[in-house]
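Bear in mind that the values in this text are calculations on the coordinates, not laboratory data. Remember, it's a predicted structure, so these values are computed and weren't measured experimentally. Reconstructed Cβ throughout: ideal geometry from the backbone, glycine too, with neighbour counts over all protein chains shown.
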C-alpha cells in the first residue's frame with residue numbers, strides 16, 4: 001500500500017465482519033429467561049403496550065449485550081424482527097428502547113441479515129426525522145452497523161433516502177459530537193467502505209473552502225506505522241435545499257516510507273499534510289431518490305441529494 005506502482009483503486013476489507021459471528025445459525029443452549037421474553041414480545045407485540053413490552057425488550061437487550069451463548073440465534077428463530085420494525089414506526093414510548101435493542105442486534109451478523117426482509121431499514125429511516133437526539137443516535141448507529149458489510153442493505157438504504165436524512169441531522173445538530181460521528185460513520189458504510197467502530201476513527205471539522213460547505217475528516221492509523229487513512233466527507237450546497245456529499249479517502253504514507261523508496265512518485269500521488277498520499281474518491285452522493293442508477297458500483301455512483 002502506498003507504492004507508486006499501485007493502481008488508482010483501493011479495495012476496502014470488511015473489518016466490521018472480522019469479529020462477527022458466523023452468518024449461519026449455530027446450535028445453542030436454550031435460555032429460558034430470554035425465551036420467555038421473546039415469546040412475550042411475539043404474542044404482545046402487535047398491541048404495543050409499553051408497560052408490558054418494555055421489560056421484555058430490556059431482557060433481550062441485556063442478553064445480547066452480555067453476548068449470552070446462542071442469544072442472537074434465539075432472536076432469529078423467534079421471528080420478532082417485524083415486531084421491532086412495527087414498534088419503531090409507531091413512534092410511541094417503545095420507540096427508544098426498541099431502537100437501543102435494534103442497534104445492539106445490528107452487531108450480530110446472523111441477525112442483521114434479516115433486517116431487510118423484516119422492514120427494519122425503512123422503520124429506522126422513519127425515526128431519523130425525530131428531534132429526540134438519543135433516539136437519533138441509536139437509529140443512526142443501527143444503520144451504520146447494518147450497512148457495514150451488506151451491499152444489499154446499502155442499496156436498500158440508498159433507495160429509501162438514508163443519505164438526505166443523515167445529512168439533515170448533521171446540519172441540524174452541528175455541536176453534538178457523538179451524533180455527528182455516528183452519522184458520518186453511517187454515511188461511510190452506506191458508501192461501501194465497511195468501517196468498523198473498532199477502527200477508532202475520530203472525526204473533526206475541517207476548513208471550508210467555499211460558502212455553504214461543511215467538511216469533516218478522520219484519521220485511521222495503520223498498525224504497521226507506515227501509512228494511515230484519512231477520510232474526508234464534504235457536504236456542500238449546490239442549489240436551494242439541495243446538497244452534494246463527497247467521500248474521499250487518502251492513503252497517507254509516512255516520510256520514512258518515502259525515504260525507503262527513494263521519494264519516487266508519479267502523477268497519481270500528491271502532497272497531503274506534507275506526506276505522500278493516494279486518493280480514492282467515493283463519488284457517493286449527489287443523490288436523487290427518484291433516479292438511482294442500477295448498474296454501476298456504489299463506489300462510482302454520483303447522486304443528487306434532496307433534503
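Going from the fewest other Cβ atoms within 10 Å to the most, the residues 129, 214, 231 appear in the order 129, 214, 231. Taking each residue as 0.36 nm, the span from residue 129 to residue 238 lengthens on full extension beyond its C-alpha to C-alpha distance by 37.0 nm. State whether segment 122-162 is rounded, prolate or oblate according to the following rule on the C-alpha gyration tensor (a ≥ b ≥ c being the square roots of its eigenvalues): a/c under 1.5 gives rounded; otherwise a/b larger than b/c gives prolate, and the remaining case gives oblate. Here segment 122-162 falls in the oblate category. Assuming a ≥ b ≥ c are the square roots of the Cα gyration tensor eigenvalues, decide whether segment 145-201 counts as rounded (a/c under 1.5), prolate (otherwise, with a/b larger than b/c) or oblate. Oblate shape, in that a/c is at least 1.5 and b/c is the bigger or equal ratio. Along its first, second and third principal axes, ordered by size, segment 35-109 spans 30, 21, 18 Å in Cα coordinates.
Here the alpha carbons of segment 49-192 define both size measures, Rg and Dmax, at 14.2, 41 Å. How far apart, in nm, are two points set 7 Å out from the Cα along the Cα-to-Cβ line at residue 220 and at residue 50? Modelled inter-label distance: 3.9 nm. The distance between label points at residue 204 and residue 66 comes to 4.1 nm (points 7 Å beyond Cα on the Cα→Cβ vector). Taking other C-beta atoms within 10 angstrom as a stand-in for reagent exposure, 143, 77 fall in the order 77, 143, fewest first.
Residue order for 115, 216, 173, 250, fewest other beta carbons within 10 angstrom first, comes to 173, 216, 250, 115.
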